[in-house]
Structures are given as structure tokens and as C-alpha cells.
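Quick notes on the structure that follows.
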Amino acid sequence: MLKALHQALAGKPWLQLLGLSFIVSSIGNGLTYIVIFSELIRLSVPAASLAIAYVLSTAPGLIGSKIGERFSRQGNPFQILIAGECLGLLGLAAPFIAVMNGSVALFFVAQSISAFTLGMTFPAISKIFKTGLSEKELPAATALETLIFACNVIFGVGLGLILLGHISVITLLFIDLGSFAVALILLSLSKSQFRQSFSVVSVSGAKVSWRSISGTQRRAMLLLPLLACAGAPAMALLPSLVPATFSAREAQSLALALLFARSLGQLVGPLILNPEKFEKYSNSNLLMLGCLFIFIACYGLVPLMPSQYPALMLIFTAHIFSNVVASLAIYALLRKFDEDLVPGAMAKSYRWQMIVTSVVSVGAGYSAQYFGVAYALYLFSGAGFALIVVLSFSGHGLKQKSAAFRSE
């Protein structure tokens with residue numbers, strides 16, 4: 001995959017600048033993420049509040065994806081990316097005030113703004129890749145897309161873990177501010193280097209109708225929501241999975257380290273795939289089920305670990321396999337839909353994913369208060385995996401019509 005990525009980047013200044021802009025932006029986003037969750041852990045908020053924070057880091061993307069989808073079909077999607085960075089820059093006011101006042105509500109607002117802007121980027125970046133790259137380059141584009149969004153945490157989380165405790169959280173947020181400014185410059189340069197023309201599509205021409213698309217297109221649109229069904233409860237409960245034998249200080253350090261291990265696994269996942277076999281892999285239900293089983297098994301063992309190092313390795317391994325599924329899901333969407341429909345298909349699949357994420361994460365968070373974190377994880381992720389198995393072998397979820405997602 002690294003060779004395919006190098007070939008896709010070679011001779012495409014716009015793609016190099018685009019990738020660099022997201023990496024720079026990721027430093028700031030990851031720092032904000034560390035600030036928010038370290039402060040929430042320091043304030044000893046309950047597991048339900050941590051789950052809500054996780055939901056708010058994703059759910060507002062529903063609205064953002066609608067806006068991104070609409071403007072991507074009407075004009076240059078680079079403008080959506082630039083607008084998202086500008087909004088993120090303005091949204092830093094929320095965590096600044098939250099840190100000074102200790103306001104949990106404002107930390108939630110900060111998470112919501114970040115999720116909203118992320119939702120805007122999904123349809124925009126999918127159209128940029130579909131227009132600017134050949135079909136042969138789509139596996140590399142898929143890996144780059146998943147790497148970009150993994151980098152939204154990993155670089156900043158790594159830097160945040162190193163700096164946390166050595167400099168103030170306010171200073172971390174000022175570094176975030178600078179990263180947004182640099183990312184805006186790089187995005188503008190990338191836009192000026194992009195030579196292809198984007199098509200302008202009417203509302204009817206860009207609408208993705210569940211009744212009119214093929215079975216393989218339906219399957220492609222359902223992969224991300226099904227991944228969330230099994231994976232979202234585990235990820236929402238991740239900061240609370242620290243074994244009870246750890247002290248408060250050890251628990252805070254390990255919770256943040258687990259978040260870093262998660263992002264590192266997400267970064268590595270796409271790189272282990274052979275780009276020449278993406279088409280075969282993306283059509284394999286057994287591969288998806290195997291990856292999700294390993295993901296859930298790794299998470300289920302974390303509360304039983306006697307020390308931090310096995311727990312970190314388990315989370316790292318879990319997210320290698322979850323992002324294999326995510327990469328193949330994104331590839332399927334880019335491959336199965338043409339340029340006019342891909343923003344709508346990507347946005348709709350993303351919204352379904354966010355709806356599933358919100359429901360199961362909140363349910364898992366509140367169940368954790370009554371049954372314990374480990375049992376909530378086993379219940380919700382286990383039930384999600386069982387549902388995917390049933391849908392896979394019945395053929396109604398992945399290859400036939402799905403009543404649950406018949407209409408939005």
C-alpha cells in the first residue's frame with residue numbers, strides 16, 4: 001500500500017498539499033481532543049458523560065454532511081474544506097472558555113463543532129478524489145482518506161500526551177489555533193493546483209435513491225453503519241475501560257494512552273492491505289466478520305489486563321482490524337458510485353453511521369452505570385456483532401433491501 005500511495009502522490013502537487021493540510025490540522029484537532037478528555041477525566045465525570053462526549057464528537061456530523069453534500073454538487077468542494085477549517089478556527093472559543101470555567105457543557109460544544117466540520121468534509125473529499133484520481137488509484141485514495149482521518153487524532157494525541165503536564169492546556173489550545181491557520185493556507189494552495197473541472201449536478205441528478213440503486217451499491221452504503229453497530233459502543237466506553245486496580249493518576253494516563261493506541265491502530269490498518277485485491281476484499285463478508293470479531297475480542301479482554309502494556313497492545317490490534325473494514329467500506333463507496341452520486345452516497349452512509357453510533361453509544365454509556373463498563377461493552381458490541389452475522393448470512397442486510405435503512 002505504501003508503494004501505491006507514493007505513486008498516487010507523485011506528480012500531484014494538489015494531493016500532496018491536501019494531505020499535508022489535513023496532517024497539520026490533525027495536530028490541532030488531536031490536541032483539542034486530549035484537552036477535552038483529560039479535563040473530563042480530571043473532573044471525574046461519569047461513564048455516561050464520557051459516552052455523550054464521544055457521541056458529540058461524531059453525531060453533529062449528520063448536519064455537516066448534509067451541508068457538505070449540497071455544496072459539493074453545486075460547486076468546488078475545496079471551498080467546503082476551507083469553510084470547515086474556518087469554522088473550526090472560530091469554534092476554538094468553546095474549549096478556551098471551558099478550560100477557564102471548568103464547564104462540561106462547553107467541552108461538549110467543542111466536540112460538537114469539531115464533529116460538524118468533519119461531517120462537511122466527507123462528501124467534499126470523496127468528490128475531490130473521484131474527480132482527480134483514476135480508478136486504479138482509488139485504493140490508494142481510500143487508504144489516504146482513512147489515514148487522513150486517523151491523523152486527525154494520532155499526531156495531536158501523541159504530541160498532547162508528551163506535552164500534557166509540562167505545559168498548560170491553554171498553551172495546547174494556542175498550538176491548535178496555529179495549526180488551523182497553517183492548514184487554511186495549505187488548502188488554498190491545493191485548490192489552486194487542482195486542474196480538473198468539477199461537474200455541477202442538479203438535485204435530482206445527485207439524489208441517491210435506495211429503491212433505484214443496485215444490490216452491490218446498497219451493500220457499500222451499509223458497511224459503515226454496520227461497522228458502527230459493533231464498534232461504536234466499545235469506542236465510546238474506551239476511556240472507562242481502565243482496570244479498577246489502577247490509581248486515579250494511573251487511570252488518567254492509561255485512558256489517554258489507550259486513545260493514542262486506538263489512533264495508531266487506525267493509522268496502520270489500511271497499510272496492511274494489498275491495493276490490487278481491494279475489489280476482492282471489499283466484497284467479502286467473511287473478511288469483514290473476521291475483522292470485527294477480532295476487534296470485539298480485543299476490547300473485551302482490556303478490563304481483564306493486569307498492566308497497561310497488554311491493554312495498549314489489544315487496543316492497537318483491535319483498531320488495525322476495524323480500519324481494515326473502514327478502508328474497504330470507503331473504497332466500495334468510491335468504486336460503486338460515479339462522480340455525480342458519490343458525494344450523496346458517502347454523505348448518506350456517513351449519516352446512517354452517525355445515527356447508529358449515537359444510539360448504541362448512549363445506550364452503552366448509561367448501561368455502564370448500572371451493569372458496569374465491561375458488561376455494557378459485552379452486551380452492546382456483542383449484540384451489534386450478532387446482528388451483523390445474521391444480516392450477512394441472511395442476505396437482507398448486505399445484498400438485499402434493508403427495511404431499517406429504506407428511507408432517511
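The values are calculated or read from the model by the stated rules, or taken from the named source; none is laboratory data. None of the values given here were measured: they were computed from a predicted structure. Reconstructed Cβ throughout: ideal geometry from the backbone, glycine too, with neighbour counts over all protein chains shown. Just the protein is used for accessible areas: all its heavy atoms, side chains included, with ligands, DNA and RNA removed. Shrake-Rupley method; radii C 1.70, N 1.55, O 1.52, S 1.80 Å.
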Problem - Length added when fully stretched, residue 389-residue 135, from 0.36 nm per residue minus Cα-Cα - result: 88.4 nm
Practice task
Just subtract the alpha-carbon distance of residue 287 and residue 207 from 0.36 nm times their residue separation and send over the number in nm, one decimal.
Solution key: 25.7 nm
Handout entry: Ranked order, 166, 319 - accessible area, probe 1.4 Å, largest first
Key = 166, 319
Completion exercise
For the table 207/336; 127/191; 66/280, the rows whose alpha-carbon distance is greater than 24 Å are 66/280
Problem - Net length gained if the chain between residue 63 and residue 297 were fully extended (0.36 nm per residue, minus Cα distance) - result: 80.9 nm
Completion exercise
For residue 216 and residue 370, extending 7 Å from Cα along the Cα-Cβ vector and measuring point to point gives, in nm, a value of 4.6
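Report in % the part of the accessible area of the stretch 1-195 that belongs to carbon and sulfur, leaving out ligands and nucleic acids; probe 1.4 Å. Mind dumping the intermediate values first?
Values: 4920 of 7170 Å².
Carbon and sulfur atoms account for 69 percent of the accessible area of the stretch 1-195.
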Fill in the blank from the handout: For the pair residue 355 and residue 185, the simple spin-label estimate (label points 7 Å beyond Cα toward Cβ) gives in nm 4.3
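If packing is taken as the average count of other Cβ atoms within 10 Å, what order do 173-180, 59-66, 191-198, 105-112 fall into, highest mean first?
Numbers: 173-180: 18.8, 59-66: 22.6, 191-198: 13.6, 105-112: 21.1.
Output ranking for 173-180, 59-66, 191-198, 105-112: 59-66, 105-112, 173-180, 191-198.
Quantify, in whole percent, the carbon and sulfur part of the accessible surface of the stretch 211-407 (1.4 Å probe; protein heavy atoms only).
Details: 5080 of 7820 Å².
Here carbon and sulfur together make up 65 percent of the probe-accessible area.
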Problem - Signed unit charges on C-beta, dipole axis of the stretch 211-407, positive-most listed residue 214, 366, 259 - result: 214
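On average, how much accessible surface per residue is there in the stretch 1-195, in Å², for a 1.4 Å probe, leaving out ligands, DNA and RNA? Display every interim value, and only then the final one.
Numbers: 7170 Å² over 195 residues.
The answer is 37 Å² per residue.
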Completion exercise
Label model pair residue 100, residue 276: point-to-point distance (7 angstrom along the Cα→beta-carbon line) in nm is 5.9
Exercise for the section: State, in angstrom, two size descriptors of the stretch 1-195 derived from its alpha carbons: Rg to one decimal place and Dmax to the nearest whole number. Expected result: 17.0, 52
